[in-house]
Amino acid sequence: MTKIRSGSAPVNDEVLLRAQDRAYVETLRRSSGWLQRVLLAMTLVGPGILVMIADNDAGGVITYAQTGATYGIGFFIPAILLGGLIAYVVQEMTVRLGAVTHRGHAEMIWGRYGSFWGWFSLGDLVVANMLTLVTEFIGITVGMSIFGVPPFASAVGGLVADTVILLFLRYRTWERVSIWIAGGNLVFVPLALMAHPHWGVVAAAFRHWTVPGGVTAAFLFVVLANFGTTIAPWMLFFQQSSVVDKGLTVADVRHGQWDTAIGSAAMVVVAIAIVVLTGTFAFGRPGAGTYDIQQIILVVGQHLGRSGEDLFALGLVESGVLATIALTASTSWAMGEAFRWPKSINMPASRAWQFYLPGLVSAAVAAGIVLIPHAPLGFLNLTVQVVASIFMPAAMLFLLLLLNDREIMGEHVNRRWQNVSAWAIVGLLVVLNGLYGASVALPKLF
Amino acid sequence: MRQKHGTLHIVEPVDLEAPVPLTRIAPKGPIRLVFWGLRAYILVMLALVAIGFARGLH
């Protein structure tokens, strides 16, 4: 389904499309049959599943794979489970904020706290998204190289797919296509099962949560990278804008919460599968702690044969493509909100070129960087995760202030347990970052 | 465009789609303090990460 192009008709196309979507939702809501309830649920879910699965991006897959290879199954499986809960608590707040205000995150910060924090958040988001997009194209090119596709062709192919999906599909179709792509993320689950891991070791990880090799600066760096890939500033901006563009209202919050919960569960399952896979095959090998993603794919291939290698590569490509779609949209939405441009994926490119341009340009630049010979891509990947986790407390702070602003949120302000949880998350992030900072300033401390 | 099947229900206009009015607030009291803390935190962390990367910690 393409976007409406009405030529000189005075009808506001994106408003018409959204009104049609809302009428469909209201019709389903007023029906009492089970089929209509299922259809209603399937219609309203989307942003939560998308944001969570897109968070298992190429950088995330690489980080989880390297974590499993370096530290085994032990410490990080309970940590990932905790990360999933944290991600749910944080992202659920964006659902309520978007459904109540009908404004995106960038728009809220800009309008409520002024241009300094508006520029800060926007600059942080755009730079972080750009760096993250580089890691997505790394994943796409590395994954496609397993199938013999040269990096130039795979980078251009990824960019073209991203552009076509964003420019030519209306919001609803864009969301559905993206969710189908997200389904490919589940490929890591059968791979983990094919590894025949020692489930006793997995269970023991929950009983004896110990830090393998002790707390070192390198360990803290990996912890930060893992949290950076579990919760990231772009996720707040993306899901809130997505909720607004989809046209969800306060009546849809419950479905939005389920949507986010399902997405969190899927994210955790896939992340654990990757750690189990590489923790089973690569952990304990000489030099496993320094394996790059190509070496990890080779190790998977040694154990599972060509099909295992191909499936892992396919998962890496899928994670890169999905996250590219999400990050591109996130940048475009944020820029559109900050500068009050027309901003909806329902709009044709001819009328909203300003909205589409920033996201697509950032994707094109990222694809170009990946093709530069000898660019320090592995280093860049970890840097992205760490930078994101450092800025996350700032993003969380704005989210918390907005969710406690009764003038904006009315009866939908945070409840006590939500505030306690969110402040605990901010505290955890600050402590982790502080420990990392201390390890830098006082290297002999750990 | 989507082809509708079955009965077409007449629904009331969806109310709540208009964006909430947004006015800038001047941070006061604890919120002002939080904002200054945030500025300090960001500067310190950026400096530490720069030092970390300069030393090749990764």
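The values are calculated or read from the model by the stated rules, or taken from the named source; none is laboratory data. Bear in mind the structure is a predicted one, so any value in this text is a computation, not a measurement. In this analysis, Cβ positions are derived from the backbone assuming ideal geometry, glycine residues included, and neighbour counts consider all displayed protein chains.
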Of the listed residues (A:Ala329, A:Ala265), the one being under 26 Å from A:Pro78 (Cα atoms), at pLDDT 95 or above, under 14 Å from the mean Cα position of the chain (by Cα) and small (Gly, Ala, Ser) is A:Ala265
Residue set A:Glu136, A:Glu92, A:Glu107; condition within 30 Å of B:Lys28 (Cβ to Cβ), under 16 Å from the mean Cα position of the chain (by Cα) and of a type in the set (D, E, K, R); output residue A:Glu92
Just give me the residues in region A:66-124 being away from chain B (no Cβ under 13 Å) and of a type outside the set (A, V, I, L, M, F, W, C), in sequence order. A:Thr67, A:Gly68, A:Tyr71, A:Gly72, A:Gly74, A:Pro78, A:Gly83, A:Gly84, A:Tyr88, A:Gln91, A:Glu92, A:Thr94
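Residue-by-condition table, conditions (1) crowded, with 24+ Cβ neighbours inside 10 Å; (2) more than 30 Å from B:Val49 (Cα to Cα):
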site	(1), (2)
A:Gly336	yes, yes
A:Arg340	no, yes
A:Ser350	no, yes
A:Trp353	no, yes
A:Leu357	no, yes
A:Ala364	no, no
A:Val370	yes, no
A:Pro376	no, no
A:Leu380	no, no
Which of the residues belonging to region A:228-255 are of a type outside the set (Ser, Thr, Tyr), more than 14 Å from chain B (Cβ to nearest Cβ) and in a helix (DSSP H, G or I)? A:Trp234, A:Met235, A:Leu236, A:Phe237, A:Phe238, A:Gln239, A:Arg254, A:His255
Does A:Gly157 qualify as being buried (at least 22 other Cβ atoms within 10 Å of the Cβ), away from every other protein chain (no Cβ under 14 Å) and part of a helix (DSSP H, G or I)? no
Could you check region A:39-69 and list, in sequence order, the residues that are more than 20 Å from A:Gly247 (Cβ to Cβ) and among the hydrophobic types (A, V, I, L, M, F, W, C)? A:Met52, A:Ile53, A:Ala54, A:Ala58, A:Val61, A:Ile62, A:Ala65, A:Ala69
Being among the polar types (S, T, N, Q), out of contact with any strand residue (DSSP E or B) (no Cβ under 9 Å at 6 or more places or on another chain) and modelled with pLDDT under 95, is that true of even one residue in region A:361-381? yes
Working carefully through the options A:Leu82, A:Leu44, find the one that is surrounded by fewer than 24 Cβ atoms within 10 Å (Cβ to Cβ), in contact (Cβ under 8 Å) with a residue 24 or more places away in the chain and at negative phi. A:Leu44
When restricted to A:Ala69, A:Ala65, A:Ala99, A:Ala79, the only residue assigned to a helix (DSSP H, G or I) and more than 21 Å from the chain's Cα centre (by Cα) is A:Ala69
Would you mention how many residues in region A:166-177 are within 19 Å of the chain's Cα centre (by Cα) and either within 19 Å of A:Asp55 (Cα to Cα) or not in a helix (DSSP H, G or I) (or both)? 5
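This table checks each residue for (1) facing another protein chain (nearest Cβ under 7 Å); (2) surrounded by 12 or more Cβ atoms within 10 Å (Cβ to Cβ); (3) at pLDDT 85 or above; (4) outside any loop (DSSP other than H, G, I, E, B).
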{"site": "B:Met1", "(1), (2), (3), (4)": "no, no, no, no"}
{"site": "B:Glu12", "(1), (2), (3), (4)": "no, no, no, no"}
{"site": "B:Val20", "(1), (2), (3), (4)": "yes, yes, yes, no"}
{"site": "B:Leu33", "(1), (2), (3), (4)": "no, no, yes, yes"}
{"site": "B:Arg39", "(1), (2), (3), (4)": "no, yes, yes, yes"}
Within 22 Å of A:Ser319 (Cα to Cα), modelled with pLDDT under 95 and either touching a strand residue (DSSP E or B) at 6+ places or on another chain (Cβ under 8 Å) or among the small types (Gly, Ala, Ser) (or both), is that true of A:Gly74? no
Residue count for region A:25-57, restricted to those that are touching a helix residue (DSSP H, G or I) at 6+ places or on another chain (Cβ under 7 Å) and of a type outside the set (Val, Ile, Thr): 16
Take the residues in region A:11-59 that are among the polar types (S, T, N, Q) and more than 26 Å from the chain's Cα centre (by Cα); name whichever of them is farthest from A:Pro348 (Cα to Cα). A:Ser32
I'd like to verify a number: residues in region A:293-324 that are touching a residue at least 24 places away in the same chain (Cβ under 8 Å) and loosely packed, with under 15 Cβ neighbours inside 10 Å, how many? 1
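Quick grid of which residues meet (1) part of a helix (DSSP H, G or I); (2) within 14 Å of chain B (Cβ to nearest Cβ); (3) over 25 Å from A:Phe237 (Cα atoms):
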{"residue": "A:Glu14", "(1), (2), (3)": "yes, yes, no"}
{"residue": "A:Arg18", "(1), (2), (3)": "yes, yes, no"}
{"residue": "A:Tyr24", "(1), (2), (3)": "yes, yes, yes"}
{"residue": "A:Ser32", "(1), (2), (3)": "no, yes, yes"}
{"residue": "A:Arg37", "(1), (2), (3)": "yes, no, yes"}
{"residue": "A:Thr43", "(1), (2), (3)": "yes, yes, no"}
{"residue": "A:Leu50", "(1), (2), (3)": "yes, no, no"}
